[in-house]
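The structure under discussion appears below in the form of structure tokens.
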Amino acid sequence: MRGPLTNVTHTGKHERRMYFLLSDMLLFARPRDESGVLHYKGRIDLRDAVLRQVPKKRKVEPFTFEICFSSNDEKNDGSMDDIDALLAAAGGATTEAYFLRASSQEAMDMWMTELQRVIDRLKHNHITQSQK
């Protein structure tokens, strides 16, 4: 699955990106220029992710959902800052979250259904592997 979503940052900035759902991660890129060439911006590892619709009582725009995960080893973009390294060394974890906004209820439902399907499959595979 692929399509445009808007990443709503913790500072309130809206970043329109193209997202690509793969078998275990969500990649995102932005157009480099008018040619339509995409520039890779990052990835969200879905192995330990939790997906939820943002409650309407929170002051966010409609059609927004959240992908959360604990970053106790490495951040999803492959970097680790000092506080994350300290928490990981102490056995703790920080929680990362992406707030993504779709263009409609239908688009949000489609993204959430497909993302949840991938997350559930990854959890099932992890449980099956740990039982061996």
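In table form, for the structure just shown:
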item	result
Cα-projected label distance for LYS123 with GLU15, points at 7 Å along beta-carbon direction, nm	2.7 nm
At most 11 other Cβ within 10 Å, DSSP loop - trypsin sites (Lys or Arg not before Pro), the range 14-54	ARG32
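FYI, it's all coordinate maths here, none of it is from the lab. In this text the structure is predicted, and so the values were computed from the model without any measurement. So basically every Cβ, Gly included, is an ideal-geometry build from the backbone, and we count neighbours across all protein chains shown.
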